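Q: Once you've had a glance at the structure underneath, I'll fire off some questions.
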Amino acid sequence: MSDLQHLRHVTAADVVKAGRRAARLTRTPDGGIDFGYHPDYLQGGEPIAFTLPTGPQILHNPAGAVPAFFAGLLPEGRRLTVLQRAVKTSADDELSLLLAVGTDAPGDVQVVPAGQRPADTPALIQGATPAELEFGKLLDSVDPHAIPGVQPKASASMISLPLTTHHGSFILKLPQPEYPHLIENECAHLRAAHDLRIPVARAELVTDRTGTTGLLVRRFDRTAESGRLAFEDAGQVLGLPPASKYLPESAAVVRALSGVTAAPAVAVRNLYLQFFFAWLTGNGDLHAKNVGVLRAADGSWAVAPIYDIPSTLIYDDDAMALPIAGRTRNLLARDWIAFAADIGLAERAAASARTIARRAAEAVDHLPFTGSPLRRLERELRARRSELDRF
């Protein structure tokens, strides 16, 4: 039995919040999972997640499912398939899969077998610079870190693997042949997004010893001063499982995230900027898992830095991931005006945000595409930007 296969026989797991044992996940005779807080944690402990308020009640989830917040910590796509093979279990055995990666999940929550103390999980890559690596050999490695991602759509098709160097904690994103230049694509848009004047994940292009390009992204939920910072994506805040990340309306995402922040008006403007920038750059993958909130060291919540923002239009994806005023295609000026009104953003503030977003979108450069795909992208983006003249 491998190191991970034994997790199928673990009947209970402790949930640790900010280093303190907070709750327990327990398998039940009917194949379900119970979630409940430890009694001693209820004396002053803060909720593990927005959808898991503290209290003595037990939450039962049927058929091997864990609460949506925990499901949102699991990897997806190829990385999940590799993990399933290592654990020798199915996708619906969410507790076993969570235990395999739960010591290093996004934010400040850890999940370990009951009675065990959480320990730092060694990074998949340690003590090596990108130039010493061969990125292709990492694709089928079992990754013990719960970094969500990897879906059929463009930005989520990148394989995200944790990389720790003496400079801090990172995610190394690797290319996928079916989406040419995806790494360079995202890097160019992250650079341009700095002109939005809101927080953006820090990233840089790196090259392995074979000349393959990767994207090294610094983890914003880890700091040298404060350690682990709490983070939730919009799907988790809304209580949605990962499979439902394309279902909510954009306005519902904005209201959910801004409603838990310390400065809701600032958050609303930030999120309007992100959605409008996505439209102007052809990013059709701004779904509920690609935007979230981050808790600062002082305990206040704010919209998390921008992440996962390549243009998917270059790969023939011409729709927004989430509806804007009920539409995902052929958006008009009036749809963005209606969206601003729906989320409570004053038209003057919305107009200013649109100007800033347009300037940032027009600053995107160094896209390594040629031929008809590039011409098609440029033609559609010109049409979208010309729609701004109707405001």
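Q: To the nearest 20 debye, what charge dipole does the chain have about its Cα centre, counting +1 at the Cβ of each Lys and Arg and -1 at the Cβ of each Asp and Glu?
A: For this selection, approximately 600 debye.
Q: If I build a Gaussian network model for the chain, linking alpha-carbon pairs within less than 10 angstrom, which residue out of R222, R24, R348 has the largest mean-square fluctuation?
A: R348
Q: Pick out which of E76, E362, E184 has the largest mean-square fluctuation in a Gaussian network model of the chain, springs linking Cα atoms closer than 10 Å.
A: Comparing E76, E362, E184 in the GNM, the peak value goes to E362.
Q: By how many degrees, 0 to 90 and rounded to 10, does the Cα axis of helix 264-281 deviate from the longest principal axis of the chain?
A: Helix 264-281 sits at roughly 60 degrees to that axis.
Q: Moving to a separate point now. Using 7 Å Cα-to-Cβ label points, what is the Q43/R327 separation (nm, one decimal)?
A: Going from the Q43 label point to the R327 one covers 5.9 nm.
Q: Assign unit charges at the C-beta atoms only (+1 for Lys and Arg, -1 for Asp and Glu), then state the dipole size of region 77-140 relative to its Cα centre in Debye, rounded to the nearest 20.
A: On the way: 6 positive and 9 negative charges, 36 e Å.
It comes to approximately 180 debye.
Q: Okay, moving on. Show me 302-314, 236-248 ranked by packing, highest mean number of other Cβ atoms within 10 Å first.
A: In decreasing order of mean packing, 302-314, 236-248 become 302-314, 236-248.
Q: Farthest toward the dipole's positive end in the chain, which of W301, A100, A340, given Cβ charges of +1 (Lys, Arg) and -1 (Asp, Glu) about the Cα centre?
A: A340
Q: Okay, next question. In whole Hz, what ³J(HN,Hα) sequence does region 83-97 give by Karplus (6.51, -1.76, 1.60; θ = phi - 60°), x for Gly and Pro?
A: 5, 4, 5, 5, 7, 6, 9, 9, 5, 7, 8, 5, 5, 4, 5
Q: I'd like the distance separating the alpha-carbon centroids of region 164-223 and region 28-98, in whole Å.
A: The distance from the Cα centre of region 164-223 to that of region 28-98 comes to 30 Å.
Q: Please report the Cα spread of the chain along all three principal axes, rounded to whole Å, starting with the longest.
A: 61, 50, 40
Q: Can you compute 3J(HN,Hα) from phi for each residue in region 67-79, using the Karplus curve 6.51 cos²θ - 1.76 cosθ + 1.60 with θ = phi - 60°, rounded to whole Hz and x for Gly and Pro?
A: With the stated coefficients, region 67-79 comes to x, 3, 4, 6, 4, x, 8, 6, x, 10, x, 4, 5 Hz.
Q: Tell me, in nm to one decimal, what length is gained between L124 and A319 on full extension, where the rule is 0.36 nm per residue of separation less the Cα-Cα distance?
A: 66.7 nm is the gain from fully extending L124 to A319.
Q: For a quick check: with amide H placed at 1.01 Å from N, whose amide H comes under 5 Å from A22's, ignoring anything fewer than 5 positions away on the same chain?
A: Sorted by chain and number, the residues that satisfy this are V15, V16, K17.
Q: In nanometres, what is the gap between the two model label sites at A263 and H6, each 7 Å from Cα along Cα-to-Cβ?
A: Spacing of the two 7 Å Cα→Cβ label points: 4.9 nm.
Q: Over all alpha-carbon pairs in region 275-332, figure out the percentage whose distance exceeds 14 Å.
A: Tail fraction, whole percent: 57.
Q: Could you size up the charge dipole of region 158-310 around its Cα centre, putting +1 on the beta carbon of Lys and Arg and -1 on that of Asp and Glu, and report it in debye to the nearest 20?
A: 260 debye
Q: Turning to a different aspect of this structure: Using +1 at the C-beta of Lys and Arg and -1 at the C-beta of Asp and Glu, which of V266, S226, P242 has the Cα lying farthest in the positive direction of the dipole of the chain?
A: V266
Q: For the chain, compute the number of Lys pairs whose alpha carbons are separated by less than 22 Å, excluding pairs fewer than 8 positions apart on the same chain.
A: Number of lysine pairs found: 9.
Q: Using θ = phi - 60° and the Karplus form 6.51 cos²θ - 1.76 cosθ + 1.60, what ³J(HN,Hα) does each residue of region 114-119 get, whole Hz, x for Gly and Pro?
A: Computed from phi, the couplings for region 114-119 are 3, x, 8, 8, x, 10 Hz.
Q: Tell me whether region 349-391 comes out rounded, prolate or oblate; compute the Cα gyration tensor, take square roots of the eigenvalues as a ≥ b ≥ c, and use a/c under 1.5 as the rounded threshold.
A: Working: a/c = 5.20, a/b = 1.81, b/c = 2.87.
Taking the square roots of the gyration eigenvalues as a ≥ b ≥ c, region 349-391 is oblate.
Q: Now a separate question. For region 282-391, what is Rg from Cα atoms divided by 2.2 N^0.38 Å, rounded to two decimals?
A: Details: Rg = 15.5 Å, N = 110, 2.2 N^0.38 = 13.1 Å.
Relative to the rule-of-thumb radius for its length, region 282-391 sits at 1.18.
Q: Collect residues whose amide H, placed 1.01 Å from N in the peptide plane, falls under 5 Å from the amide H of V200; neighbours closer than 5 in sequence don't count.
A: Amide H neighbours of V200: I306.
Q: Got a number for carbon plus sulfur as a percent of the chain's accessible area, 1.4 Å probe? Intermediate values should be presented prior to the final figure.
A: Working: 8650 of 16440 Å².
Accessible surface attributable to carbon and sulfur in the chain totals 53 percent.
Q: So with the 1.4 Å probe, I'd like the accessible area per residue for the chain, rounded to whole Å².
A: Numbers: 16440 Å² over 391 residues.
About 42 Å² of surface per residue is accessible.
Q: Name the residues whose placed amide hydrogens come within less than 5 Å of the amide hydrogen of G214, ignoring near sequence neighbours (fewer than 5 apart) on the same chain.
A: Those qualifying (amide H under 5 Å, at least 5 residues apart or on another chain) are V206, T207, D208.
The values are calculated or read from the model by the stated rules, or taken from the named source; none is laboratory data. Being a predicted model, the structure only gives us computed values, none of them experimental. Note: ideal-geometry Cβ built from the backbone for every residue, glycine included; neighbour counts use all protein chains shown. Side chains included, ligands, DNA and RNA excluded: accessible areas come from the protein's heavy atoms. Shrake-Rupley method; radii C 1.70, N 1.55, O 1.52, S 1.80 Å.
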